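Asker: Can you read through this structure? Questions will come right after.
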Amino acid sequence: MSEPLRIALAGLGTVGAGVIRLIEANAALIARRAGRPLQVTVVSARDRNKDRGIDLSPYAWEDDMVIMGERADVDVVVELVGGSDGPALALARTTIEAGKGLVTANKAMIAHHGLELAQKAEAAAVPLKFEAAVAGGIPVIKGLREGAAANEFSRVYGILNGTCNYILSTMEDTGRDFAAVLAEAQAKGYAEADPAFDIEGTDAAHKLSILAAIAYGAKIDFGSVDASGIAKILAADIAQADSLGYVIRLIGMAEADGDRLFQRVQPHLVPFDHPLAHVDGATNAVVAEGNFSGRLLFQGAGAGDGPTASAVVADLIDIARGEAGAPFSVPVAELVAMAPAETGHRMGRSYIRFVVADRPGVLAEITAAMRDAGVSIESLIQKGRHEEGGDVLVAMVTHEGPESAVAEAVRLLEGSASLTRAPLVMHILSD
Ligand code: NAP
Ligand code: HSE
C-alpha cells in the first residue's frame, strides 16, 4: 500500500474529536477505499490539557496551529476551529500558501472567503474541500458537483440548519418552550459556538450561499442572502400551522432567475404532504430540481460529531485518491457573477400572524390594510386570549399573490396601537 496521507488536525471539539474517532475506528476500511492509510500526525486546539474523551498521545501537539501546514510531516490540514476570520482563516491561508491541501467544515469562512481561498488553492494546485460545511453528513456538495453535474438546476432548497430544525420539531412534538429546547440542542453539540448564528438564520445563509455557488457555477454571494431566523416563532404559530395542515421549517432557497440569483433563508409553512415536512430533529434535507434528473432529495444528519466527521473524512479520502476537482465545481475564472434577483414580482401564499389587543375594530383595521395592499385572504383565525393581558392571536393565510403586497400590508400596519407585537410573515412552501 502507498505512503499514508499525513494529516494535521486543527480543532478538537465536537467535530475534531469525531474525526479522530472515525479515522481510528474505520482505519482499515478507509485505507482500502482510499488506496492508502489516513494518518493524523499532529493536532492542535486552544487548551492542551482539556479532557476530550480521546487519547491524543499518538499525535504530536502544535501550539501555533497557523503554521501547521508548513510542517514537513503534513500533507493536508483539516480546519475544525470555526469562525469566518481569526485563526481559522489565517490557518487556511498559510496552509494553501505552503502548498498543502485544506479540508474544512467551516461554512462561515467559506461563505465569506471561499472565492479567495479557491483562487489561492487553484494557483497553488492544491485541493480545497468543504463537504462538511453544508448539511453535516449529507454528501450534497458531491451530489451536486458529481452525481447531478449534468443538470441545470431550477431550484435548490432545503433544511440547512440542524439546530433550528431540532428546535422547531421538538417544540412541535412537545409544546416545550424555545429557550429550553435551544439549550438541549447546544448540549447535543448541534449549535454553533454562538447559537445566534443558528437561530437568526446566518448559519443556514452561509450554507445556502455555498450550495448556490456550486449549483449555479456562480461567485459565492453570501451578502445577498435575505436571511431571517426562528426566534419570533411562538408555540401558538406552530399550533396554528398544524391546524391548517402545515409544519414550520427554516428553509433556505436558491433559485436562478435568468442571469440573476434569488437566495433566501426564512421560516416557511410546509404542507404535511411535502417530503420536507417529515424532516425532524437535527436532520437536514436538500431538494435539487434538475432539468433531467427531476427532483432529487438528499437527507440525513445535518449536525453532530459522527455525521460531520463522516463528511470531513470523505474529503480526505478523495484527496488521498488524488481526486480533488475545482472547489466550486468550475474553475474560479469561469464562475459567473450573478446579481441578486428582484423580489418584487415573486408570487406565493403566505401566513401572517398578528398579536393584537382584544378590542372592537382591530380585525377591521387588519383586513382594511390587506384590502388596501391588494392581499386576498384565504382563511383567518382568531384564537382566544394569547396570554395574560388580553392579547389575542390573529393568523391568516393568503391566496396566491405578490409577496410585495403582503409586505405592503404589514408596512401599512406599522405603528398601529392595535398590534402588541410585530407581525410575523412566513411564506408557504410551494411544490
Ligand atoms: P467546537 O466544538 O466549538 O470546537 C472548536 C475547536 O476549535 C475546539 O477544540 C477549540 O479548542 C478550538 N479553537 C477554538 N478557537 C480557537 C482558537 N482561537 N485557537 C485555537 N483553537 C481554537 O466546534 P465544532 O462544533 O467542532 O465545529 C467546528 C467547525 O465545524 C465549525 O466551523 C463549525 O461551524 C463546523 N461544523 C460543525 C458541525 C457540528 O455539528 N458541530 C457540523 C458541521 C460543521 P478547545 O477545545 O481547546 O477550546
Ligand atoms: N450549527 C449547525 C447546525 C451545525 O445546527 O446545523 C451543522 O452545520
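The values are calculated or read from the model by the stated rules, or taken from the named source; none is laboratory data. Not measured: the values here are computed from a predicted model. Counting neighbours? That spans all protein chains shown, and the Cβs are built from the backbone with ideal geometry, glycine included.
Asker: Would you please name the residue that is modelled with the lowest pLDDT, looking only at residues in the range 228-268 that are within 17 Å of Leu182 (Cα to Cα) and basic (Lys, Arg)?
Answerer: Here the residue is Lys232.
Asker: Also, quick follow-up: Got a number for residues in the range 65-86 being within 13 Å of ligand 1 (Cβ to nearest atom) and either over 23 Å from Phe130 (Cβ atoms) or not assigned by TED's automatic domain parsing to the domain that holds Leu102 (or both)?
Answerer: Qualifying residue count for the region: 0.
Asker: When the residues of the range 71-90 are narrowed to those that are more than 16 Å from ligand 2 (Cβ to nearest atom) and under 23 Å from Ile214 (Cβ atoms), which ends up surrounded by the most Cβ atoms within 10 Å (Cβ to Cβ)?
Answerer: Residues of the range 71-90 that are more than 16 Å from ligand 2 (Cβ to nearest atom), as a first pass: 71-77, 85-87, 89-90.
Checking which are under 23 Å from Ile214 (Cβ atoms) leaves us with 76-77, 85, 89.
On the way: Val76: 23, Val77: 27, Asp85: 11, Leu89: 21.
This residue is Val77.
Asker: How many of the residues making up the range 19-53 are surrounded by 13 or more Cβ atoms within 10 Å (Cβ to Cβ), more than 16 Å from ligand 1 (Cβ to nearest atom) and of a type in the set (A, V, I, L, M)?
Answerer: 5
Asker: Kindly list, by first and then second residue, each pair from a residue in the range 6-31 that is farther than 19 Å from Arg46 by Cα to a residue that is among the aromatic types (Phe, Trp, Tyr), limited to pairs with Cβ atoms under 6 Å and residues at least 6 apart or on different chains.
Answerer: none
Asker: Next question, about the same structure. Among residues belonging to the range 100-120 that are among the small types (Gly, Ala, Ser) and buried (at least 24 other Cβ atoms within 10 Å of the Cβ), point out the one that is nearest to ligand 1 (Cβ to nearest atom).
Answerer: So in the range 100-120, the residues among the small types (Gly, Ala, Ser) come out as 101, 105, 108, 111, 114, 118.
In the following step, the residues that additionally are buried (at least 24 other Cβ atoms within 10 Å of the Cβ) were identified as 101, 105, 111, 114.
Values: Gly101: 17, Ala105: 4, Ala111: 11, Gly114: 13 Å.
The residue in question is Ala105.
Asker: Residue check, Ala303 against (1) among the aliphatic types (A, V, I, L, M); (2) away from ligand 1 (no atom under 16 Å from the Cβ); (3) within 27 Å of Ile248 (Cα to Cα), all met but one. Which one?
Answerer: The number of the failed condition is (2).
Asker: I would also like to ask the following. Give me the pairs: first residue in the range 55-71 and under 17 Å from Leu38 (Cβ atoms), second residue among the acidic types (Asp, Glu) and in a loop (DSSP other than H, G, I, E, B), beta-carbon distance under 6 Å, and six or more apart or on different chains, which are they?
Answerer: Correct list of pairs: Met68/Glu62.
Asker: Okay, next question. Can you name every one of the strands (runs of 3 or more DSSP E) wholly within the range 252-339 that holds 2 or more residues which are without any contact (Cβ under 8 Å) to a residue 60 or more places away in the chain and either in the same structural domain as Asp221 (by TED's automatic domain parsing) or under 15 Å from the mean Cα position of the chain (by Cα) (or both)? Walk me through how you get there before you give the answer.
Answerer: Details: elements: 260-271, 283-290, 294-301.
Fully inside the range 252-339 and qualifying: 294-301.
Asker: Restricting attention to the range 156-199, which residues are assigned to a loop (DSSP other than H, G, I, E, B) and either buried (at least 24 other Cβ atoms within 10 Å of the Cβ) or more than 12 Å from ligand 2 (Cβ to nearest atom) (or both)?
Answerer: Within the range 156-199, the subset assigned to a loop (DSSP other than H, G, I, E, B) is 160-161, 175-177, 188-195.
The answer is Leu160, Asn161, Gly175, Arg176, Asp177, Tyr190, Ala191.
Asker: When you go through Asp257, Asp237, Asp242 one by one, which is the residue that is closer than 21 Å to Ala218 by Cα and acidic (Asp, Glu)?
Answerer: On the way: Asp237 fails: closer than 21 Å to Ala218 by Cα; Asp242 fails: closer than 21 Å to Ala218 by Cα.
Asp257 is the lone residue from the list that is closer than 21 Å to Ala218 by Cα and acidic (Asp, Glu).
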